[in-house]
Each structure stands twice: as C-alpha cells, then as structure tokens.
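Structure record follows, encoded as structure tokens.
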Amino acid sequence: MAEIGIFWGSSTEMTSLASESIQQELSTFGHTVDSFDVREGIVKLTNYSNIIIGCPTWNIGELQDDWDMLFNDYLKLKFEGVTGAFFGVGDQYGYSCNYLDAVGLLARPFMEKGGKLIGRWPTEGYEFEESIALEGKEFLGLGLDYDNQDTLSEERIKKWVEIIQSEFN
C-alpha cells in the first residue's frame, strides 16, 4: 500500500475535519497516511510521492491564510513523479463566482510542474457560477460545502477516497 502525505490549511476547522475523514477512509484501504497542518510549513511535502492537498477558498477566490503565506514557496517546488489529489471547502451559494478557486490555485501549478493529478470530481449536484478549479464539467478535486450541503460531505469523501486510493503507488 501507499505512503501518503495530506497537507491542509484550515481557519474554521472544516478543512481540518475533512482531512481527518480522508485520512481515516484511506487507512481502511491499508494506506499509511500522515497529516500535516501547513501552518507548520510545507518542507515535508517533498518527502512524499503521493500527496493530498486541502485548502478552503477565502474571501473572493483567495487561498486560506496559511497557504497564502506559503504560496511562493509552493510555486518553487517540482512535482515530477508525484501523484496528487486536491480537495477544497467553500460556500457555493455565498461565493458562487469563485467556488473552490483555492483548489485551482494549487492544482494548476502542481500539474504545470510535472505532477500527476488524480481525483477530479464532477460538478453535478453543485450550484455555482465560476471556478478556477473547473476544467470541463469537473473540478480539479473534491468540493465540499459544509455551509450548504453538510449532509453530503461524508458521502462525497467516501466516494472520492474510493476513487483515488487505487491510483496512489
């Protein structure tokens, strides 16, 4: 089974809770999963060839504060040989013009720097106008909305983990 690092930033604890759920689900498949709050930095990110990155979208399409402070360092990383999945937390109704933008802000440079993106997620069941995380009819990662669709979050996490877990090496 794979060794996976989850790197997340959270200001309201929703992304933290989601990362815990993802970690638990991955463990049921026999994967070794380490979880890191990016408040402590992203240096350990380079120790993993399998990563999951979680970030809520703040304000008008911005990264969460801890990710924002580390973004320039993140852009300097190379991701050749790295398999990565992304998830984000946001409010699709209150911020419909930038729902999950943080996922796009982090996933696009990951792909541009050679990373293999897994875990695209369908937009069906979401109501939003625009997103940097959108590619075709899919998000570049899992979208969670604890404000408006809280009851769907755990089910979405389980389905998403089931899809991505076999793609980690």
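Numbers at a glance
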item	result
Test: Trp58 is open to solvent by 10 Å² or more (accessible area, probe 1.4 Å), out of contact with any strand residue (DSSP E or B) (no Cβ under 7 Å at 6 or more places or on another chain), within 20 Å of Met14 (Cβ to Cβ) and aromatic (Phe, Trp, Tyr)	yes
Filter result for Asp66 (at pLDDT 95 or above, open to solvent by 10 Å² or more (accessible area, probe 1.4 Å), under 19 Å from Thr46 (Cα atoms) and touching a helix residue (DSSP H, G or I) at 6+ places or on another chain (Cβ under 7 Å))	yes
Filter result for Ile4 (outside any loop (DSSP other than H, G, I, E, B), over 30 Å from Glu130 (Cβ atoms) and of a type in the set (A, V, I, L, M, F, W, C))	yes
Residue within region 123-132 that is open to solvent by less than 10 Å² (accessible area, probe 1.4 Å) and under 14 Å from the mean Cα position of the chain (by Cα) present	no
Complete set of residues in region 1-39 that are under 22 Å from Tyr146 (Cβ atoms), of a type in the set (Val, Ile, Thr) and buried (at least 16 other Cβ atoms within 10 Å of the Cβ)	Ile6, Thr15, Ile22, Val33, Val38
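The values are calculated or read from the model by the stated rules, or taken from the named source; none is laboratory data. Just so you know, these numbers come straight off a predicted model, no measurement behind them. Here the Cβ is made from the backbone with ideal geometry for all residues, glycine too, and neighbour counts use every protein chain on show. Side chains are part of the model used for accessible areas, which takes the heavy atoms of the whole protein and leaves out ligands, DNA and RNA. Shrake-Rupley method; radii C 1.70, N 1.55, O 1.52, S 1.80 Å.
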